[in-house]
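Colleague: Submitted below is the structure of interest, expressed as structure tokens.
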Amino acid sequence: MGLFNPLLRGSTLTAIFCDERTLQGMLEFEAALAKAQAKCGAIPESAASVIAGECRAEKFDAEKLARSAASAGNLAIPLVRQLTANVRQQDEQAARYVHWGATSQDAIDTGMVLQIRDALAAAENLLAQLTEVLAEQAESHQHSVMPGRTWMQHALPITFGLKLAGTLDALLRWQERLQQLKPRVLVLQLGGAAGTLASLKEQGEEIAQALSLELELAQADTPWHTQRDRFLEVAGWFAGVSSTLGKFASDFALLMQTEVAEVGEPVAEGRGGSSTMPHKRNPVGCAAVLNAVTRIPGLMATMYASQIQQHERALGGWQAEWETLPELAMLAGGIMQTSLDLLNGMQVNTEKMRADLEMTHGLIMAESVTLALAQHIGKQPAHHLVEQLCHRALDENVPLAQLLTQHPGITPYLTAPEIERLLDPQHATGSAESFIQCVLERARQQQKGLS
């Protein structure tokens with residue numbers, strides 16, 4: 001996995017899910033649990049101090065814990081056993097209170113929530129950078145006219161700014177969703193053996209509240225050992241952001257094709273080359289994004305399948321989340337970082353965009369002529385007439401303008417200068433600029449709200 005990290009998971013999110021951070025998340029739970037119980041008078045303060053002092057990941061052998069977890073069924077069991085032994089070396093009495101009243105899943109789930117909190121903070125930062133650069137590029141290219149494409153064919157003129165604004169619009173919605181989901185997802189897990197906190201007797205709720213304050217996590221109304229919608233929601237968020245950027249990467253790669261050449265990835269030494277063909281300039285950033293995005297539906301399928309968890313403790317479903325959710329987050333982080341690098345350094349060939357508009361000798365503008373002519377002879381007759389002339393232009397390989405300015409069914413209604421203007425793509429982008437400005441204003445307002 002390490003060899004592919006820079007390619008697929010090259011972002012700040014990857015380090016958050018390393019082995020050391022996974023162990024530290026569970027240990028932070030154990031330290032905070034002891035502190036909360038001491039504040040509530042459930043265990044001695046001296047014991048909590050010793051326990052917290054031993055809750056450092058560097059004091060544990062990750063490989064040894066992993067081997068022990070294979071027979072124990074989860075990582076928390078050998079971790080707590082080793083923590084207890086470490087505490088016992090410092091204070092025999094304090095060792096009695098390690099993991100007091102909790103269950104393995106409490107430590108594992110809360111540890112994962114702490115990692116997710118860090119991952120969402122890192123993702124939020126990347127998303128803010130993405131929306132900022134997209135807004136800048138959309139504004140810069142709001143008048144860069146290019147062919148719009150439907151069914152992979154020329155449709156009507158659009159602007160590159162509008163294409164970028166579409167991606168920005170979607171990312172702004174993902175930004176909103178992130179703010180909405182955090183209170184639902186960043187929640188403490190503490191339920192004890194069967195979700196009743198019976199081992200803490202009448203102090204259960206008091207300790208849970210103290211622990212949530214200690215870890216700065218929301219307190220759940222009920223333990224959620226086998227209700228996994230929170231993790232499903234955050235997984236869906238990572239998948240959704242990734243899919244939005246995957247769509248952008250797919251479009252960008254198509255625009256990079258040799259025959260199109262309207263955009264290019266950033267130029268850097270060794271980037272996009274071929275081992276055999278010196279002339280190649282491959283869309284390697286787009287490929288990395290699409291590589292990662294391709295894996296995400298399968299990971300999400302696992303997250304959905306994991307919702308079926310038996311009674312008060314799952315048999316397989318919970319365990320399937322342990323690697324799946326971190327992998328989703330790391331891939332999403334890589335997608336976001338790669339997309340950011342692409343947007344910051346992308347090359348835009350506006351002259352080629354304009355040349356590609358002329359490729360069909362005016363046919364891309366046939367609709368505007370049809371609508372202008374329809375005001376005089378009706379929509380259906382105008383459509384039929386212009387359609388016939390489009391077919392002639394293709395068959396005879398002549399510009400559409402030539403046929404339009406010579407046809408007796410058109411010249412009584414449209415002059416040559418009018419036809420020339422109607423065939424100019426620069427005047428045919430409709431409300432594109434208005435749409436862009438609307439998205440840019442929302443981006444500015446949203447940024448103010450987050451700052």
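The values are calculated or read from the model by the stated rules, or taken from the named source; none is laboratory data. The model shown is predicted, which means the values in this text are computed figures rather than measured ones. Because the Cβ atoms are built from the backbone with ideal geometry, glycine has one as well, and the counts that use them run over all protein chains shown. Side chains are part of the model used for accessible areas, which takes the heavy atoms of the whole protein and leaves out ligands, DNA and RNA. Shrake-Rupley method; radii C 1.70, N 1.55, O 1.52, S 1.80 Å.
Colleague: So how far, in whole Å, is the C-alpha centre of segment 286-304 from the one of segment 229-255?
Modeller: The two parts, judged by their Cα centres, are 8 Å apart.
Colleague: By how many nm would the segment from ASP341 to LYS247 grow when fully extended, if each residue of separation counts as 0.36 nm and the alpha-carbon distance is taken off?
Modeller: Taking ASP341 through LYS247 to full extension adds about 32.2 nm, to one decimal.
Colleague: For segment 1-122, give the magnitude of the charge dipole about the Cα centre (Cβ charges: +1 Lys/Arg, -1 Asp/Glu; no others), in debye to the nearest 20.
Modeller: That gives a dipole near 80 debye.
Colleague: What net charge is computed for the residues neighbouring LEU414, neighbours being all others with C-beta under 12 Å from the C-beta of LEU414, Lys and Arg scored +1, Asp and Glu -1?
Modeller: -1
Colleague: Angle, helix 62-72 long axis vs. longest principal axis of the chain, Cα atoms, 0 to 90°, nearest 10?
Modeller: So the helix axis and the longest Cα principal axis differ by about 80 degrees.
Colleague: Viscosity 1.002 mPa s, temperature 20 °C: Stokes-Einstein D of segment 12-62 from its Kirkwood Cα radius, in µm² per second?
Modeller: 184 µm²/s
Colleague: Give the cross-link partners of LYS39 among the aspartates and glutamates, using a straight C-alpha distance below 18 Å as the criterion and excluding same-chain residues fewer than 8 apart.
Modeller: The reachable aspartates and glutamates, counting only those whose Cα sits under 18 Å from LYS39, are GLU28, GLU30, GLU202, GLU205, GLU206, GLU214, GLU216.
Colleague: How large is ³J(HN,Hα), in whole Hz, for each residue of segment 360-367 in order, when computed from phi with the Karplus curve 6.51 cos²θ - 1.76 cosθ + 1.60 and θ = phi - 60°, using x for Gly and Pro?
Modeller: 9, 6, x, 4, 5, 9, 4, 5
Colleague: Now, a different point. Using only the alpha carbon atoms of the chain, find the Kirkwood hydrodynamic radius as the inverse mean reciprocal pair distance, in angstroms to one decimal.
Modeller: 25.8 Å
Colleague: Okay, moving on. Could you rank the peptides 42-54, 159-171, 88-100, 60-72 by their average count of other C-beta atoms within 10 Å per residue, with the highest value first?
Modeller: By packing density, highest mean first, the sequence is 159-171, 42-54, 88-100, 60-72.
Colleague: Could you tell me which of GLY53, PHE435, LEU422 has its Cα farthest along the dipole of the chain towards the positive end, charges placed at Cβ (Lys, Arg +1; Asp, Glu -1), taken about the Cα centre?
Modeller: GLY53
Colleague: Identify the residues of segment 12-30 with backbone N under 20 Å of a label point that sits 7 angstrom from the Cα of ARG67 along the Cα-to-Cβ direction, or state none.
Modeller: Counting only backbone N, you get 19-20, 23.
Colleague: Residue by residue through segment 379-388, which ³J(HN,Hα) values in whole Hz follow from phi under the Karplus form 6.51 cos²θ - 1.76 cosθ + 1.60 (θ = phi - 60°), with glycine and proline marked x?
Modeller: 5, 5, x, 5, 4, 5, 5, 5, 4, 4
Colleague: Could you please state how large a percent of the accessible area of the chain is carbon and sulfur, counting protein chains only and using a 1.4 Å probe?
Modeller: After summing per-atom areas, the C and S share lands at 52 percent.
Colleague: From Cα pairs below 8 angstrom and at least 6 apart in sequence, can you work out the relative contact order of segment 1-85, rounded to a whole percent?
Modeller: Relative contact order for segment 1-85 comes out at 23 percent.
Colleague: Can you list the residues, at least 5 places off or on another chain, whose amide H is less than 5 Å from the amide H of ARG149, using H built in the peptide plane?
Modeller: ALA155
Colleague: Based on the mean of other Cβ atoms within 10 Å per residue, sort peptides 330-342, 195-207 so the most packed one is first.
Modeller: Top of the packing list down: 330-342, 195-207.
Colleague: Taking the Cα centre of segment 187-252 as origin, sum charge times position over the Cβ atoms of Lys and Arg (+1) and Asp and Glu (-1), and report the length of that vector in debye to the nearest 20.
Modeller: Using Cβ point charges on Lys, Arg, Asp and Glu, segment 187-252 gives about 300 debye.
Colleague: Could you please state, rounded to a whole Å, how far the C-alpha centre of segment 162-186 is from the C-alpha centre of segment 1-79?
Modeller: 31 Å
Colleague: On to the next question. Ignoring everything except DSSP H segments at least 4 long, calculate the 222 nm mean residue ellipticity for the chain; use -39,500 (n - 2.57) per segment, divide by total residues, nearest 500.
Modeller: -21500 deg cm²/dmol
Colleague: Distance between the C-alpha centers of segment 91-135 and segment 377-433? Whole Å please.
Modeller: Segment 91-135 and segment 377-433 have Cα centres separated by 62 Å.
Colleague: Then there's this: Would you list the P(r) distribution for segment 307-410, with all Cα-Cα distances sorted into 10 Å bins from 0 and each bin expressed as a whole %?
Modeller: Pairs per bin, as whole percents: 12, 23, 13, 11, 14, 14, 11, 3, 0.
Colleague: Further, regarding this structure: Mind scanning LYS35/LYS59; LYS352/LYS379; LYS352/LYS448; LYS35/LYS448; LYS247/LYS448 and naming the pairs with a C-alpha gap bigger than 30 Å?
Modeller: LYS352/LYS379; LYS352/LYS448; LYS35/LYS448
Colleague: Tell me, what is the percent relative contact order of the chain, built from C-alpha pairs under 8 Å that lie six or more residues apart?
Modeller: It comes to 19 percent, rounded to a whole number.
Colleague: To the nearest 0.05, what FRET efficiency results for GLU58 and GLU176 with a Förster distance of 41 Å applied to their C-beta separation?
Modeller: Efficiency at R0 = 41 Å is approximately 0.55.
Colleague: Quick one: 3J(HN,Hα) in Hz for segment 161-167, Karplus 6.51/-1.76/1.60 with θ = phi - 60°, rounded, Gly and Pro as x.
Modeller: Computed from phi, the couplings for segment 161-167 are x, 5, 4, 5, 5, x, 5 Hz.
Colleague: For segment 134-183, just say rounded, prolate or oblate: build the C-alpha gyration tensor, square-root its eigenvalues into a ≥ b ≥ c, call rounded for a/c under 1.5, and beyond that prolate if a/b exceeds b/c, oblate if not.
Modeller: oblate
Colleague: Return the long-range amide H neighbours of GLN189 (sequence gap of 5 or more, or a different chain), with a cut-off of under 5 Å between placed amide H atoms.
Modeller: Placed amide hydrogens put THR110 under 5 Å from GLN189.
Colleague: Quick one: which residues, 5+ away or cross-chain, put their amide H under 5 Å from the amide H of MET346? H built at 1.01 Å from N.
Modeller: Long-range HN contacts for MET346: none found.
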